[in-house]
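Here's the structure we're looking at; comments come further down.
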Amino acid sequence: MSDDDAARVVAAAAGLFAERPYAEVRLDDVADTAGLTVDEVVARVGDLHAVASAVLTAEGGSMRAAMAAARERSDDPLDVLATTFRLVGENMASRVEVRAGMRLAAESHRHFPERRIDPYRTWRAFVVGQLTEATKRGLLRPGVDVDEVAWLLVSGGMGTKGLLEFRGAWDEAPRRLAGIADAVVGLIAAPAGDAC
């Protein structure tokens, strides 16, 4: 079996996991959707746990790529923060494996204890890192509480994800996530000319 077959399995599984909880998807569902036999799926990717792990890996890679792309575009930590939110929104809107991975992480993380899934911890670390750098550079208004702003941004992003999923409005993700980041950055950024 080729790498194309493995990619087809992951894509088929992502489509299923984006729509249904992990506990409701069976390996034969994945095989049927991929146009393969269960034995072929197991031979190339593994059991259902391994298939779902591959979806989670694809989603995580997408998020890390968004962060890296934002850092390549700017060295301003507030720009990186806002750009990352927008890029993640674009991934949410256009990539089913991202939506599936987020759903698996939110609803079924207990099935993957080896991965220690905690989206809040992951995103908080990123946001705090950007805000801490912005503080060091004098880019934030005096008195900004980095921990509280991180809570606001991460919970706003995660809440938006939940509302978009509930409404089936993934096409709004780039605008909504960018809007959250832009609004918060606008409130906390030092006025032009005040930055050190």
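The values are calculated or read from the model by the stated rules, or taken from the named source; none is laboratory data. As the structure is a computational prediction, the values presented were derived from the model and not from experiment. Counting neighbours? That spans all protein chains shown, and the Cβs are built from the backbone with ideal geometry, glycine included. Surface areas here come from the heavy atoms of the whole protein model, side chains and all, with no ligands, DNA or RNA. Shrake-Rupley method; radii C 1.70, N 1.55, O 1.52, S 1.80 Å.
Couple of notes before you dig in:
- With a cut-off of 11 Å between beta carbons, the residues surrounding Ala12 carry a summed charge of -3, where Lys and Arg count +1 and Asp and Glu -1.
- For the stretch 152-196 versus the stretch 83-123, the gap between their alpha-carbon centres in whole angstrom: 17 Å
- For Val41, net neighbour charge (Lys/Arg +1, Asp/Glu -1) across residues whose Cβ lies under 12 Å away: -4
- With all protein chains modelled, accessible area of Thr57 [1.4 Å, Å²]: 70 Å²
- CD proxy at 222 nm, helix term only [per DSSP H run n ≥ 4: -39500 (n - 2.57); per residue of the chain; nearest 500]: -24500 deg cm²/dmol
- Net +/- balance of residues flanking Ala70 in space, Cβ distance below 14 Å, scoring K and R +1, D and E -1: -3
- Sparsely packed loop sites in the stretch 94-196 (the trypsin sites (Lys or Arg not before Pro) outside DSSP H, G, I, E and B with at most 16 other Cβ atoms within 10 Å) comprise Arg116, Arg137.
- The stretch 62-80 versus the stretch 1-47: alpha-carbon centroid distance in Å: 32 Å
- The chain - Rg and Dmax from Cα coordinates, angstrom: 18.8, 64
- Accessible area per residue was computed with a 1.4 Å probe on protein heavy atoms; Arg86 scores about 70 Å².
- Helix axis angle, 119-136 relative to the chain longest principal axis, alpha carbon, degrees: 20 degrees
- Rg/Rg_ref, the stretch 1-42, where Rg_ref = 2.2 N^0.38 Å and atoms are Cα: 1.06
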